[in-house]
Amino acid sequence: MKRFAPLLAVGLLASGVPLLSATGASAAPADLDSARGPAWHRCNPDQPASYECATIKVPLDYQRPRGRTIDLAISRVKSENPAKRHGVMLLNPGGPGGSGLDLPLMMKESMPEEVREKYDLIGFDPRGVGSSSPITCGLNDAEQSIDRPYRPGTFPSDVAWARTVADKCRQKAGAVLPHISTRNTARDMDAIRAALGERRISYVGYSYGTYLGAVYTQMFPQRTDRFVLDSGVDPQRIWRGMFQVWASEAEPAFKRWTEWTAERAGEFRLGNTPKAVSDTFWALVARADADPIVLEGQKITGDDIRAARGLFFYPAQAAPLVRELKDAAEGRPAAPGAANRWRSVRSGAEEPASDNGSAVFWSVVCADTDNWPRDPERYRRDAARDKVAYPLYGDMASNIKPCAFWQRPLEAPTPMRTRANVLTVQNEWDSQTPLVSGQGLHRALKGSRMVLVAGGEGHGVYLADPTSCANAPVNAYLATGRLPAGDVTCRTAPGDGDRRGASPRRGPLPFPIGPQRF
């Protein structure tokens, strides 16, 4: 996990590349099939010479291949055993909005040799991200937060926020936004394949990267080789349904947490039955709503507590944090570092370096589908309903989003009709792409197999947890190309499940501050 910390952090690290309004992209002609291939160079003198970078040009609009182009930043670590090399493996960390340039270095260090030597590992910043003609909407910190609780009195300000985000994005990058979509990113992946002179590509994608990979399998089935889709996005839920599944699936996770905590009543003193633990929690939320709890100078409201709904997928880490809040509410001194521990759960990053991650996030989730309601009243009704149905996070999930005011998508979502012999991987207790979402992806991709880690906690499985029982079947598939005969359910040996003091493992989610991401 230490090796994967930059990948699996919620914070999107600054790339060092200046952000542009999208009107600043290059207009040089695309050259996707050059016999020379990309002009590789050492990425950084502080990094290994084997880690190489290049930039290729791709069309902004694939319907106009000779028109305006944008930069696509790519990286690689080549196989060290040409005799055993199988091909190239593209890598994506999730998002939308996550930088993937560093992934070859991270994956190289964690992959077993029999897998690593098979592939040139290829990273890339998706269009609009990091070093790939990055976009910005000029959003401030507050405008980047999506955890907006529903209340009748504040709903007009929620509508104003959603409209402001959409308007600012349109003003800064309106000519580019319609083209920042999953289908175009899949086309970019195929442009990378062509530039590398490969007939097919293999792929490992996490979180949002599972949907990107699934779309590629449908658009380019003859160019799809060995694909691993880890922590799955359900294609039937893009994208409002993926927000809403955070709410529905937080409820069983919360129930599991109350049971786990009640069994340890002597340690945490939050209640000796699941109902008592639940009552303690909701009393704490009500107390914080009436008068914010001060934790080492930081004020925490009831809405802040509810917005940390992903925490409850990790009972061993949730219980001590809730206990610290309860102690603070009752006037007992907080343990050193309590505020930082709570802040890490809520945001995962100190300060956002830019709004690049947010700009790409909204561009993709709004450009991928026209299923977003356009009437604010629909969001108001849904948020009020889901606040009752899913009290932990339902109103925040269903409240209005900028897509209500976004320009209409240029393309329809990609239907999942073509057989895809890929491997999907899933933890049972995944906070960002919950189990029902991963199962939906598996069902949508006919011919796929699933490796399910029963009892597994965390977002991101393969190599993210070096002890996971999922690593062996994934490695076998990547090394041989042979899928398991059927779906695999395994259980990781106990050992890390009761670790306390560490922040919950949050997979490849590049949201800059205080939010949720895929």
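For this structure, a couple of remarks:
- Condition met for Ser131 (in contact with a His (Cβ under 8 Å, 6 or more places away or on another chain) and of a type in the set (S, T, N, Q)): no
- Considered as a group, the residues in the stretch 106-135 that are part of a loop (DSSP other than H, G, I, E, B) and of a type in the set (A, V, I, L, M) include one that is nearest to Gly213 (Cα to Cα), and that residue is Val129.
- Residue check, Val277 in contact with a helix residue (DSSP H, G or I) (Cβ under 6 Å, 6 or more places away or on another chain) and closer than 14 Å to Lys326 by Cβ: yes
- If only residues of the stretch 129-151 that are among the polar types (S, T, N, Q) and under 18 Å from Lys401 (Cβ atoms) are counted, the one that is surrounded by the most Cβ atoms within 10 Å (Cβ to Cβ) is Gln144.
- Scanning the stretch 103-127 for residues that are modelled with pLDDT under 95 and not hydrophobic (A, V, I, L, M, F, W, C) yields Lys108, Glu109, Ser110.
- Single unsatisfied condition, Met242 versus (1) over 22 Å from Ile74 (Cα atoms); (2) in a strand (DSSP E or B): (2)
- Complete set of residues in the stretch 148-198 that are in a loop (DSSP other than H, G, I, E, B) and either in contact with a strand residue (DSSP E or B) (Cβ under 8 Å, 6 or more places away or on another chain) or β-branched (Val, Ile, Thr) (or both): Thr154, Val176, Ile180, Glu198
- Taking the criterion of being touching a residue at least 24 places away in the same chain (Cβ under 8 Å) and surrounded by fewer than 23 Cβ atoms within 10 Å (Cβ to Cβ), the residues of the stretch 326-336 that qualify are Lys326, Ala329, Ala334.
- Among the residues of the stretch 351-406, those identified as hydroxyl-bearing (Ser, Thr, Tyr) and either closer than 20 Å to Gln171 by Cα or surrounded by fewer than 24 Cβ atoms within 10 Å (Cβ to Cβ) (or both) are Ser354, Ser358, Ser363, Thr369, Tyr379, Tyr390.
- No other residue among Arg116, Arg148 is outside the structural domain of Arg200 (by TED's automatic domain parsing) and touching a residue at least 12 places away in the same chain (Cβ under 8 Å) apart from Arg148.
- Of everything listed in (1) assigned to a loop (DSSP other than H, G, I, E, B); (2) out of contact with any Lys or Arg (no Cβ under 9 Å at 6 or more places or on another chain); (3) hydroxyl-bearing (Ser, Thr, Tyr); (4) surrounded by fewer than 23 Cβ atoms within 10 Å (Cβ to Cβ), the single unmet condition for Ser99 is (4).
- Restricting the stretch 59-76 to residues that are touching a helix residue (DSSP H, G or I) at 6+ places or on another chain (Cβ under 8 Å) and assigned to a loop (DSSP other than H, G, I, E, B), the residue that is nearest to Ala39 (Cα to Cα): Leu60
- If only residues of the stretch 320-372 that are farther than 25 Å from Ala166 by Cβ and β-branched (Val, Ile, Thr) are counted, the one that is modelled with the highest pLDDT is Val322.
- Pair list, Cβ under 7 Å, 6 or more apart: the stretch 243-264 residue within 18 Å of Ala316 (Cα to Cα) and not assigned by TED's automatic domain parsing to the domain that holds Ser231, other residue among the β-branched types (Val, Ile, Thr) and crowded, with 21+ Cβ neighbours inside 10 Å: Thr258/Val277; Thr261/Val277; Ala262/Val277
- Qualifying residue in the stretch 293-316 (condition: more than 28 Å from the chain's Cα centre (by Cα) and either part of a loop (DSSP other than H, G, I, E, B) or under 30 Å from Pro126 (Cα atoms) (or both)): yes
- Among residues that are modelled with pLDDT of 95 or more and assigned to a helix (DSSP H, G or I), Ala420 is not included.
- The lone exception for His459 - which of (1) in a loop (DSSP other than H, G, I, E, B); (2) farther than 20 Å from Lys255 by Cβ it fails: (2)
- Unmet requirement for Leu392, which otherwise passes all of (1) under 18 Å from Pro149 (Cα atoms); (2) aliphatic (A, V, I, L, M); (3) part of a helix (DSSP H, G or I): (3)
- Answer from Val425, Val436 - the residue that is crowded, with 24+ Cβ neighbours inside 10 Å and modelled with pLDDT of 95 or more: Val425
The values are calculated or read from the model by the stated rules, or taken from the named source; none is laboratory data. Because the structure is predicted, anything quoted here is derived from the model rather than measured. Note that each Cβ is placed from the backbone with ideal geometry, even for glycine, and that neighbours are counted across all protein chains shown.
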